[in-house]
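A quick write-up on the structure given underneath.
The values are calculated or read from the model by the stated rules, or taken from the named source; none is laboratory data. Predicted model only: the values in this text are computed from it and were never measured. Ideal geometry is used to build each Cβ from the backbone, glycine not excepted, and the neighbour counts take in all protein chains shown.
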Amino acid sequence: MNKHCSNRIPVVVTAALVVCGTAAISHAGGLNVNLNVGVPVVTPAPPPPAYVPAPAPVPQVVLPAAAPPQFIYVPDLGYYVAVGTPYDIAYVGRDYYLYSNGCWYRSPYYGGPWRVAAVRLLPPLLVRYDVREFRQYRDREFRRYEHDREHYRGAWHRPEARREERREERRER
């Protein structure tokens, strides 16, 4: 044998024999044996908090209640767009869509309340073109109208003014 080796049983084996020897005693009654062989126990770090994006701010559109905006049909787009307002509002199907701060919002009423519209649920006609093209087509069609109002053959849509008093009467009944 090597001079540095000894005939001693390693400490771990000794500890294992002690544990096995006392197993019968602990099984029979009440002996508890804890063995610490110096292996550090590392507890995992807690996961970082989940990122939840802040909800998109709902735009505050203030339109005069007495005069709903006019919508002009733009054949290149395939739907109506609001003219004479500082907002990008489209009328597609039976809903109104407002573009603001990089998001589309949807409402059954031209003045809101607006809800964020998921891109996957937007009408295909609406997402066919980006907002710059939307504005170009709208402005081009509005110039055609402005150029010759008497002979303009395009279609218009003007939503009915919302009547709050009718709703109140219904609630009272």
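Would you check if Tyr105 is out of contact with any helix residue (DSSP H, G or I) (no Cβ under 6 Å at 6 or more places or on another chain), in contact (Cβ under 8 Å) with a residue 12 or more places away in the chain, more than 14 Å from Val81 (Cβ to Cβ) and crowded, with 18+ Cβ neighbours inside 10 Å? Yes: the conditions hold for Tyr105. The number of residues in region 107-137 being more than 28 Å from the chain's Cα centre (by Cα) and closer than 19 Å to Pro68 by Cα comes to 0. Restricting region 114-173 to residues that are among the aromatic types (Phe, Trp, Tyr), touching a Phe, Trp or Tyr at 6+ places or on another chain (Cβ under 6 Å) and within 19 Å of Pro86 (Cβ to Cβ) leaves a set whose member that is modelled with the highest pLDDT is Trp114. Residues that are of a type in the set (D, E, K, R) and assigned to a strand (DSSP E or B) within region 72-92 comprise just one, Asp88. Residue count for region 93-139 satisfying the condition of being in contact with a strand residue (DSSP E or B) (Cβ under 8 Å, 6 or more places away or on another chain), basic (Lys, Arg) and part of a helix (DSSP H, G or I): 2. Filtering region 82-92 to residues that are closer than 13 Å to Pro123 by Cβ and either out of contact with any helix residue (DSSP H, G or I) (no Cβ under 9 Å at 6 or more places or on another chain) or surrounded by 19 or more Cβ atoms within 10 Å (Cβ to Cβ) (or both) leaves Ala90, Tyr91.
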